[in-house]
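First up is the structure itself, then whatever we jot down about it.
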Amino acid sequence: MAITFPRAIPDVGYSRVDVALNEQVKAARTGSGTSERSEIGDPFWTVDLETKPLRMAEKDAVEAWAMSLRGGLKYVLFSNPHRCRPKNHQADPTPAEDTGLISSVSGGNVLTVASVSAALNLAPGDMIGLLNTHYHWSRVTEYSIASTTATITVEPPPPSDLAVSGTVVSFISPPLLMRLVPGSFKVSGTGLFRCSFSLEESR
């Protein structure tokens, strides 16, 4: 069967899944001694992963997966295996299973999201996914809901092409398009092996 891209990460279990936002902010000190900050690029997400101990055959399969990405030329569609559901819906994910639609955005990062479950209850730190022209992640910083319309304040703010009416908002296992960081794939151990690698947000 032909491989299709973007690919999911191997389903082998992970001991470490570290998600980080890389904010592209430069600091400079002026002649008067004040400190200035300037944004030099769009923020982007990275993920560092390490598998649980693997048998030889499992390790070989993960290596083959990494090789198929050709050093990052091919794409991965990543969903966090350790953070699949919002904090308040771990026991019952049903209210978070329906997607919503952005109806408006204010201040760059305050999303009005329609058509969600009236029982949806997000918490600061939850991750949401946006999809329109491309995939995007944002982390919830504030949340309120009235009937089936939620007001969600997020960081980082969505790009302008996603901060529009009709963008789809997901709450369960939000996906993000990523690439393998070249040279990041490593194998350690003997008998039982651990594979580690890093992914970087792409479009």
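Miscellaneous remarks
- For the chain, calculated [θ]222 nm from helices alone, where every DSSP H run of n ≥ 4 adds -39500 (n - 2.57): -2500 deg cm²/dmol
- Between the listed residues ASN109, THR51, THR153, the Cα displaced farthest toward the positive end of the dipole of the chain, a dipole computed from Cβ unit charges relative to the Cα centre, is found at THR51.
- Proximal charge balance of ALA163 [Cβ under 14 Å; K/R count +1, D/E count -1]: -3
- Between 0 and 90°, nearest 10: helix 56-68 axis offset from the chain longest Cα axis: 60 degrees
- Region 87-172: relative contact order as a whole-number percent, Cα under 8 Å and 6+ apart: 37 percent
- Neighbour-count order for VAL164, VAL113, VAL19, fewest beta carbons within 10 angstrom listed first: VAL164, VAL19, VAL113
- Residue among PRO174, TRP137, GLY71 farthest towards the positive dipole end of the chain, charges placed on Cβ: GLY71
- Modelled spin labels at GLU36 and THR112, positioned 7 Å past Cα toward Cβ, are 3.7 nm from each other.
- The chain: relative contact order in percent, alpha carbon pairs under 8 Å with at least 6 residues between: 24 percent
- Gain upon complete extension [THR151, VAL25; 0.36 nm per residue less C-alpha separation]: 42.6 nm
- Here the alpha carbons of the chain define both size measures, Rg and Dmax, at 19.2, 65 Å.
Since every read-out is calculated from the coordinates, none of them should be taken as a lab result. No experiment lies behind these values; they were computed from the predicted model shown. So basically every Cβ, Gly included, is an ideal-geometry build from the backbone, and we count neighbours across all protein chains shown.
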